Every structure is written in structure tokens, then in C-alpha cells.
Amino acid sequence: MLGFYAPVWDSEFPFYEFKKQDLIDEVKKYTNVTPSIESYNINGYQSPNTFHLEPKGQIVKDVFEVSCKSASIAVQELERGCDLSIALSGVSVNINNSRKCYNSIHTEKNVLTLILFVSVPENSGNLCIYNPSLNDNWEGYQFFREKNEFTSRALVIKPKEGGIICFPSYLPYSIEPNDHDDEFMWMSFNIVLY
């Protein structure tokens, strides 16, 4: 778990380097026939939140399974004696392929958000998860001048291929612009508990 005022879990897709190209190929098949929607990914590609409903090859099933396992670990830490299960309510694919692309600050309407970094060229934009409990009124107080994981405005995470980040969906997040024109690709999973 990463240090922040709210729980943020990080993990890695096992043996990702052996599965990366198969996953990229499956994503490309999907994005070639699925138009981008206008949503949070400014000047880049964002699929509808339906990638998990499309018929796919084994690699995508593996991705869903690993992602659900990562979310399950987070849920186990959250449930504290409750009997909770998880389900995917949506999965979208995002591709930023120029310096003009960025993912604007937003929240999801679920319980957990999980990001899987699929293809990450050097100098890709960072994932920023924001602390919604702080505002400008708190900035002048000594307690908040001495920044730590509990008093910082944002947790900035450098993406790495195969990296998985899971956090509560009420936390606003964004992806910064790239410092290149190559394809930076990630998948966003929306997870509900029942």
C-alpha cells in the first residue's frame, strides 16, 4: 500500500513482459472498431466503459482475472469482518499519443478504481491522485506546510508497464500530459462491491 491519506494499493501484473504484446494486439483490435468517446481523456482515445463486455482472447481474460485479484486484496483490507464480493461495472481503454493529450481530473461512480498501465513509453504522464479533503484554506497552517503522505494535495505515481494501482473511486485523479508523441496506453477498471 502506498502512503497517502486514503488507501492506495499498488501491485504488478505477473510476468507482464511475456503478455504485453498480446494484450496490446487485443486492445488495438478493439480500438480499431470502437469509436472514442468524449469524456475525461482530452485529445486522446477513450473507449466506452464496455471493454469487459466484448468477446476477447485469453490474454484479456487473464488481465481481468489479475485485476480482480488485485481489487480483492484491497477489499479484504477494507471489509474488516464483512462478507463482500467484487464485480466489474466497467472497463475502458485510454490511449494518449501526443503531447496535447491528458486525462482531466475526475472521479468514478463506483467503489474502487483500478488502473493497469499497458504501454508506457519513457516520459509518459504521471498518474495523480488528489486529496479531496484539502483546499486552499488549509495551506497557511503549519501542520500542512510540512508535507507528508497525509497532508499532501496529491500522490504522484510514475507509471510503469504492468503496474496496477487501485484506490477508492471517490478520490479525484488525472493523468498528466506526455513528454513524447508515442502511445501511452492504460486500462481503467470500475469495481463495485456487493
**Message:** Assuming 0.36 nm per residue, please report the length gained on full extension of the stretch Glu17 to Lys158 beyond their Cα-Cα distance.
**Reply:** 49.0 nm
**Prompt:** Between Cys68 and Glu176, what is the label-to-label distance in nm when each label sits 7 Å out along the Cα-to-Cβ direction?
**Reply:** 3.5 nm
**Asked** Quick one: which of Lys19/Lys61; Lys109/Lys160; Lys28/Lys158 span more than 21 angstrom between C-alpha atoms?
**Response** Lys109/Lys160; Lys28/Lys158
**Request:** Compare the peptides 26-36, 180-190, 100-110, 60-70 by average per-residue count of other Cβ atoms within 10 angstrom and give them in order, highest first.
**Result:** 180-190, 60-70, 100-110, 26-36
**Prompt:** For region 10-77, what size does the Cα cloud have along each of its three principal axes, sorted from largest down, in whole Å?
**Reply:** 35, 26, 21
**Fill in**
For 86-96, 42-52, ranked highest to lowest by mean beta-carbon neighbours within 10 Å, the order is 86-96, 42-52
**Complete:** The extension gain from Asp10 to Asp25, computed as 0.36 nm times the residue separation minus the Cα-Cα distance, is 2.9 nm
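Each value in this text was obtained by applying a stated rule to the coordinates, not by laboratory testing. Given the structure is predicted, the values throughout are model-derived calculations rather than measurements. Because the Cβ atoms are built from the backbone with ideal geometry, glycine has one as well, and the counts that use them run over all protein chains shown.
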